[in-house]
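Notes to accompany the following structure.
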Amino acid sequence: MVLAVVAAAIFVATLVVVIWQPKGFPIGYTALIGAVIALATTVVGLSDIPTVVGIVWNATLTFVAVVLISLILDEAGFFEWAALHVARWGRGNGRLLFVLIVGLGAVIAAVFANDGAALILTPIVVGMLRALNMPQKAALGFILATGFIADTGSLPLVVSNLVNIVSADYFHLGFAEYAAVMIPVGIVSVLASLGMLLAYFGKSIPKRYDVLALTSPAAAVKDRATFRAGWVVLALLLVGYFAADPLGVPLAAVAGVGAVVIVLVAARQPAFLFARAEAAPVLVTTGGTATVNAGGGGSGAPSGRVIPVWKTIREAPWQIVLFSIGMYLVVYGLQNQGLTDHLATLFDVFGDHGVLVTALGVGFTIAILASLMNNMPTVLIAALAIGGAGATGLTHEVMVYANVIGSDLGPKITPIGSLATLLWLHVLEKKGIHIGWGQYFRTGIVLTIPVLAVTLAALAGWLTLIH
């Protein structure tokens, strides 16, 4: 009993400091300190460390690699190029622009993870809205929609969210197996999200905007070699993800190779591969007069290195690796002391009342927990509880995927639900846009609850159909 209280106290204290993020206490170091205290108090043992590392290493390294790829491509102008194209496709129709931006956010979230969509696309959208002189109320709608779709659009693939990777690894779900269930459910989630966003912000969206105020998409590309390599890497990654499972290759290896390739291209290494391109003369036409630029570079399509590669690598979310190991050790202490058994009992009660009740009950329970104590520890606790529950077959499968949905969507109810949301709010502050926690909560709860209910119902229906 005493150790159970100690385990709970360590968990709460670690979580508070992680969410608070005081200066000088990065989330990774905070979680590791919590893990050390858990070890010192015998809440967890040394034998638990290899077990925890074995569970989280693939998930965290895959996530870091995917985010690193997105950061490099962002520096190359990849996402700004895409956003400007999308804005032009809107043809001056404000509501169509809103739909397209939400769609772009969903695609980026699915391929580059929720953090990529929230942290990379948001500044681009803010800049675009300012160029278009969007009214403040309309701009706020676009910005909140971008942040919201980053998580609700992160269901389809294992790599779309760190939560997905952790859950898939824990329950040994293959990339193709996961995609077969969650792509259809994810589409429903995105459509439901779009419907709610239009209903909530529709009246504030202007009917027309000036397409001519936007810069050319081609001008957004800062590093054409990296930009082009990005398309090839993404195509190969998708093939690699599906091929990895039958070959027994971890996703971290596939994503890691993709990250290494895009980093080498951005760094122009090995140098001899790029020497010819950099030395080749380029014909430049200005005012009808053709001249030769012997350097091969240029602001539109530089062949030399223009991306601060090592700075970008340093800014990758390496703290997530330490956070995952440390936080999971702390959470493992809850299981060791029997505290996750209570949640397992509740899940079994839901499981006794059919697939729909199981999906809604488990999903909403996890969503509430995620909104109150962050989705990363929540998905870990819920996975342990589901593993300890008595459910089997279809009921067990529903619980596993409901855990993912609740952990992906539930955090949008409150600002503390996910680290990505806290970082997203910080990015907006730096751009001079303040969204108070009260304002966020009022919007988040109205948008999230219906979308969560529809998505969980879709999960129950789809799993019943394919079984």
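The values are calculated or read from the model by the stated rules, or taken from the named source; none is laboratory data. None of the values given here were measured: they were computed from a predicted structure. All Cβ positions, glycine included, derive from the backbone under ideal geometry; neighbour counts span all protein chains shown. Accessible surface is based on the protein model in full, side chains and every heavy atom, while ligands, DNA and RNA are left aside. Shrake-Rupley method; radii C 1.70, N 1.55, O 1.52, S 1.80 Å.
A few points about this structure:
- ³J(HN,Hα) computed for each position of segment 65-71 - Karplus, 6.51 cos²θ - 1.76 cosθ + 1.60, integer Hz, glycine/proline x: 5, 5, 5, 4, 4, 5, 5
- Within the assembled protein chains, the solvent-accessible surface assigned to W81 is about 60 Å², based on a 1.4 Å probe.
- Charge dipole of the chain about the Cα centre (unit charges at C-beta), most positive-ward option of A219, V451, L73: A219
- Extension gain for V427-V357 works out to 21.3 nm (0.36 nm per residue, less the C-alpha to C-alpha distance).
- Helix 94-116 axis, angle to the chain major axis (alpha carbon atoms, nearest 10°): 60
- The chain: angle of helix 122-131 to the longest principal axis, Cα-based, in degrees nearest 10: 40
- Accessible surface of L32, taken over heavy atoms with a 1.4 Å probe and every protein chain present, rounds to 60 Å².
- Net length gained if the chain between F441 and M1 were fully extended (0.36 nm per residue, minus Cα distance): 154.8 nm
- Enclosing the Cα atoms of segment 102-236 in their convex hull gives a volume equal to 117 cubic angstrom per residue.
- V6 accessible area, assembled protein chains, probe 1.4 Å, Å²: 40
- Computed from the Kirkwood radius of its Cα pairs, the Stokes-Einstein diffusion coefficient for segment 36-148 at 25 °C and 0.890 mPa s stands at 151 µm²/s.
- Rounded Å value of the spacing that divides the Cα centres of segment 7-21 and segment 339-354: 25
- Exposure rank, largest accessible area first [Y170, Y241; 1.4 Å]: Y170, Y241
- For the listed residue pairs K311/K412; K203/K431; K203/K412; K137/K207; K137/K431, the alpha carbons are over 19 angstrom apart in K311/K412; K203/K431; K203/K412.
- Unit charges on C-beta of K, R, D, E only; dipole of segment 7-132, Debye: 480
- Take the Cα of W20, step 7 Å toward its Cβ, do the same at A199, and the gap between the two points is 3.9 nm.
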